[in-house]
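Heads up: the structure comes next, in structure tokens.
Bear in mind these aren't lab numbers, they're just calculated from the coordinates by the rules spelled out. Since this is a predicted model, take the numbers as computed values, not measurements. Heads up, the Cβs are rebuilt from the backbone with ideal geometry, glycines too, and the neighbour counts pull from every protein chain shown.
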Amino acid sequence: MSIVFLLAIKEKDSGFMKLFFDWLSLMIDQPEKMSKLKEAHHRDEFIEVILNQ
């Protein structure tokens, strides 16, 4: 296993789950992007990869 996401979502914010899984499906379809996420060593690097779609 390479990446684990732990989400804590309030019921009123459940719309976020759809947004998250839509984003995740886009990432899975981009192996080079997933590789960069796996290579990130710090939170800021991880976020930078996410934001530079």
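A few points about this structure:
- Residue match in region 22-44 (condition: surrounded by 10 or more Cβ atoms within 10 Å (Cβ to Cβ), touching a helix residue (DSSP H, G or I) at 6+ places or on another chain (Cβ under 6 Å) and among the small types (Gly, Ala, Ser)): yes
- Complete set of residues in region 4-20 that are within 16 Å of Ile50 (Cβ to Cβ) and surrounded by 11 or more Cβ atoms within 10 Å (Cβ to Cβ): Phe16, Phe20
- The C-beta contact set for region 18-41 (first residue more than 20 Å from Ala8 (Cα to Cα), second residue of a type in the set (Ser, Thr, Tyr) and loosely packed, with under 10 Cβ neighbours inside 10 Å, distance under 6 angstrom, 6+ apart or interchain) comprises Lys38/Ser2.
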